[in-house]
1. Taking the Cα centroid of the stretch 32-53 and of the stretch 100-156, what is the distance between the two, rounded to the nearest whole Å?
2. Between residue 160 and residue 127, what's the calculated FRET efficiency when r is the beta-carbon distance and R0 is 25 Å? Round to 0.05.
3. Could you order peptides 60-66, 127-133 by the average number of other Cβ atoms within 10 Å of their residues, highest first?
4. What do you get when you divide the Cα radius of gyration of the stretch 107-191 by 2.2 N^0.38 Å, with N the number of residues?
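What follows is calculated from the coordinates using simple rules that are stated; it is not laboratory data. In this text the structure is predicted, and so the values were computed from the model without any measurement. Here the Cβ positions follow ideal geometry from the backbone for every residue, glycine too, while neighbour counts run over all protein chains shown.
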Amino acid sequence: MPRKLAKPDPQALQKAGIPPRKEAPDHPYWRHMDTFLRQWEGGDYDDPRGGFTRFGVSSNVWGEEYVRSLRDPEQPMREVYPQYWSWAQLHRLPHVGAKTARAMLDFSINSSPGVARRLLREVLGLASDAPPAEVDEVLAQVDDDDVAALLLERRLQFVQRIKDKIHKRGWINRIRALSEALGLVGSPEGAEDGVDLPGGRGADVSFHNR
């Protein structure tokens, strides 16, 4: 789980091994997600788990003082969301495809980088603690569309276990919208129970040693 920060501190991030934020927004995959995030992150609300949240930025992660200081939705686009590129370890996966990278980035922001990293490894048939180099080696051998669709499938299964019906419905809609934005075949359909999985891919599919 990312550390709490009163404000985005480049020195603290660098000490934690997180590259400067300028690396993420310059990436073409990030520029695509920039538009998607603007559609799904916004407004103020108090979340029992995430604390006070503004523009999708949680005070439990970034500190309430910083979150309440946000006045412009462009500010988190510059200062907050690009950090998740590194927390998801995407900067260490040179062979990650565009769609998988975007699916990972949104999953990390919406749920957590730790869950996103674990489920990517599960999709690829790797151990949950497999190093990025091993993940990247498998990514170099598999189809980007298939990996992205399977990742959305795992994410949908993860969300289906959530008891909070209001958040659950919104997150399912977000997954469906991302699948459509990525142009994946068989976008997720369904309500809060019994949601169809993207592409009709079975849950037992694995890419390891393929």
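1. 22 Å
2. 0.55
3. 60-66, 127-133
4. For the stretch 107-191, the normalised Cα radius of gyration comes out at 1.12.
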